[in-house]
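Q: Before I ask anything, let me first share the structure, which is written out below as structure tokens.
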Amino acid sequence: MSGQIRRLSDEELALAERFRGGDETVLREVYDRYGGLVHRVGLSCLSSHHEAEDVTQATFVAAWRGRESFDPGRGTLAGWLLGIARRQVVDRLRVIHRDHGIAAAVRQSGPGYSDEPVPERVVDRLVLLDELRQLTAEQRRVVELAFFDDLTHVQIAGVTGLPLGTVKSHLRRGLARLRTRWEVDGAARGFGSAGVDRAW
Amino acid sequence: MQHADSDQLALIALGEPLADDAAELTAHLERCDVCRREIDTLRQTVTLARETVEYRGEVRPPEAVWDRISSELGLTSAPGVGSSRDAEVSGDAPRLSGPDAPGDGPMVRGSAATGSDAEGAVADGTRPDDALDPAMAGSTVSALRGTGAHRASGRRWGKAVAGLVAAVLIGVVGTLVAVRPWQDGVVRPVAASVASLGPVPGGPGGVSGRAVVVQGPDGPKLDISASGLPLQRGYYEVWVFDGKVKMVAVGVLGANSKAVLALPPTLDLRTYHVVDISLEQYDGNQTHSETSVLRGTLTS
């Protein structure tokens, strides 16, 4: 699958190279670009605002210290950062589990517990969110109308004024890009897999 | 017939009805594992992509986080290039995501042509109920659970499932082997809880499956495989259930009706001891559809 990695934009490649090279100023750029995405992991999986901030801090600290281990051939910088954040979250959940005990954790969470997402799924979503943001504006609009407004391709053509063929092509290509990105960077496969290579 | 064209597969994965003259395509899909696998994978992608609706608002960590990073790493060059964005943080309070958080709900978005009110109408009014397999007429794309929107009446199975838990468990074989903590970085299929999954009363027959709890370096996972699941519009979701009222969604069944899904590390499987697979629709509702197709128990 590595042959199918989405071609990184020149900007992403340059950023990744400088990052690996140890240019300190680049960490701030990486943080500006992906800090929000990384922060989502903690916010979504942990109940405390402070813990989420700790995860974000620990992720960027670990990323910088381990920057030489980032391999652009295996996936994107965003995917790598999300993998680190996921492991940070899992470690914290384990500590919470140890501190409070299983029963207490379940009791406290009550009926809302079923809404607490597992970190891997959160990362998978965020990987796709990152990819969605990199579609062209037109392609993104078409794909989002199908995803979030549940419009058919015919309805999308009506709403956007685009030819039917163009809409279908945007849907197919957009979906293919998301799928490839998920396969490369998703928690079960990419950097996030921690060496565990299991098919879904 | 050659394989279905990729435009068509993408539309199917998005949940669009097939055209009236698609009998040949339908017949092909029923026979062709390659195309079905492709659809499965695309559907999983669509499901995940749709879930990003939770993350639509912009989030930034507070600038203080950068200061701590910079200080921990002893960076010399640390001008706050992006500090002006700090203001954006306030609007997005930390929370557990889910349907109980209406403030960040779906469809609140300027670029869409339709709002949340219109969404149900569009889905309900314009999509004929023609699942891939016409015999499975129960799978409408449009049911908006919990909003009072009416659900199609063609459902053949599943609706009464919630009240039948006791009956469901009869005949289910469950074997608890052991649950040992992960120790040395290797996934251990040896430390496992096993459940055989079987049909649900009122659900489709001829279905079976197996669920194994595996302890991995990242915590417990549920390794699930099923067979005989009907080809349906929508997707199959895996849950663990306390046998009474509480359910936790653990993920979506993947290509070939298999999946390895992470379980929340804090989840007590002695409580959540029933594994359940349900048919879900792309309706934005994250609660259980009450359409179970497979179930089994992890005994303790």
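The values are calculated or read from the model by the stated rules, or taken from the named source; none is laboratory data. Bear in mind that the values here come from a model prediction, so they are computed numbers and not experimental data. Neighbour counts are summed over all protein chains in view; Cβ atoms, including those assigned to glycine, are modelled from backbone coordinates with ideal geometry.
Q: I need a count of the residues in the range B:190-206 that are among the β-branched types (Val, Ile, Thr) and at pLDDT 85 or above. Before you say what the answer is, go through the steps one by one.
A: Restricting attention to the range B:190-206, the residues satisfying the condition of being among the β-branched types (Val, Ile, Thr) are B:190, B:194, B:200.
In the following step, the residues that additionally are at pLDDT 85 or above were identified as none.
Residues in the range B:190-206 being among the β-branched types (Val, Ile, Thr) and at pLDDT 85 or above: 0 in total.
Q: While we're on this one: May I ask you to verify whether A:Val143 is in a helix (DSSP H, G or I) and either at the interface with chain B (Cβ under 7 Å from one of its Cβ atoms) or crowded, with 18+ Cβ neighbours inside 10 Å (or both)? Walk me through it before giving the result.
A: Details: in a helix (DSSP H, G or I): yes; either at the interface with chain B (Cβ under 7 Å from one of its Cβ atoms) or crowded, with 18+ Cβ neighbours inside 10 Å (or both): yes.
The answer is yes for A:Val143.
Q: So, B:Leu18, is that one assigned to a loop (DSSP other than H, G, I, E, B), touching a helix residue (DSSP H, G or I) at 6+ places or on another chain (Cβ under 8 Å) and more than 10 Å from chain A (Cβ to nearest Cβ) or not? It would help to see each step written out before you state the result.
A: Values: assigned to a loop (DSSP other than H, G, I, E, B): yes; touching a helix residue (DSSP H, G or I) at 6+ places or on another chain (Cβ under 8 Å): yes; more than 10 Å from chain A (Cβ to nearest Cβ): yes.
Criteria met by B:Leu18.
Q: I need every pair where a residue in the range A:17-44 that is over 23 Å from A:Leu128 (Cα atoms) and more than 8 Å from chain B (Cβ to nearest Cβ) has its Cβ under 8 Å from the Cβ of a residue that is surrounded by fewer than 24 Cβ atoms within 10 Å (Cβ to Cβ) and among the hydrophobic types (A, V, I, L, M, F, W, C), sequence separation at least 6 or different chains.
A: A:Arg18/A:Val26; A:Arg20/A:Phe70; A:Val26/A:Leu15; A:Val26/A:Phe19
Q: Out of the residues in the range A:18-60 that are within 14 Å of the chain's Cα centre (by Cα) and charged (D, E, K, R), which is modelled with the highest pLDDT?
A: Taking the range A:18-60 first, the residues within 14 Å of the chain's Cα centre (by Cα) are A:33-45, A:56, A:59.
Filter once more, keeping what is charged (D, E, K, R): A:33, A:40.
Values: A:Arg33: 92, A:Arg40: 95.
Checked the range A:18-60; the qualifying residue modelled with the highest pLDDT is A:Arg40.
Q: Something else about it: Going by the conditions given, is B:Thr287 without any contact (Cβ under 8 Å) to a residue 60 or more places away in the chain and not in a strand (DSSP E or B)?
A: On the way: without any contact (Cβ under 8 Å) to a residue 60 or more places away in the chain: no; not in a strand (DSSP E or B): yes.
No, not satisfied.
Q: Return the residues of the range A:17-61 that are part of a loop (DSSP other than H, G, I, E, B) and among the hydroxyl-bearing types (Ser, Thr, Tyr); say none if nothing qualifies.
A: Residues of the range A:17-61 that are part of a loop (DSSP other than H, G, I, E, B), as a first pass: A:22-23, A:46-48.
A:Ser47, A:Ser48 - these are the residues of the range A:17-61 that are part of a loop (DSSP other than H, G, I, E, B) and among the hydroxyl-bearing types (Ser, Thr, Tyr).
Q: Could you please find all residues in the range B:31-52 being among the basic types (Lys, Arg) and touching a strand residue (DSSP E or B) at 6+ places or on another chain (Cβ under 7 Å)? Full working, then the answer.
A: First, pick out the residues of the range B:31-52 that are among the basic types (Lys, Arg): B:31, B:36-37, B:43, B:50.
Listed by number, the list holds a single entry, B:Arg43.
Q: Could you tell me which residue of the range B:207-221 is modelled with the lowest pLDDT, considering only residues that are buried (at least 19 other Cβ atoms within 10 Å of the Cβ) and part of a loop (DSSP other than H, G, I, E, B)?
A: It comes out as B:Asp218.
Q: Check whether at least one residue in the range A:64-77 is touching a Phe, Trp or Tyr at 6+ places or on another chain (Cβ under 8 Å), assigned to a helix (DSSP H, G or I) and in contact (Cβ under 8 Å) with a residue 40 or more places away in the chain, and report yes or no.
A: yes
Q: Among all residue pairs at least 6 apart or on different chains, which show Cβ distances below 6 Å where the first residue, located in the range B:219-244, is closer than 30 Å to B:Leu11 by Cα and the second is charged (D, E, K, R)?
A: These pairs meet every condition: B:Ser225/B:Arg210; B:Ser225/B:Lys258; B:Leu231/B:Asp133; B:Gly234/B:Glu280; B:Tyr235/B:Arg43; B:Tyr235/B:Glu280; B:Glu237/B:Glu280; B:Trp239/B:Asp276.
Q: When B:Glu54 is evaluated against the numbered criteria (1) within 24 Å of the chain's Cα centre (by Cα); (2) modelled with pLDDT of 90 or more, which criterion, by number, is the only one it fails?
A: Only one criterion in (1) within 24 Å of the chain's Cα centre (by Cα); (2) modelled with pLDDT of 90 or more is unmet by B:Glu54, namely (2).
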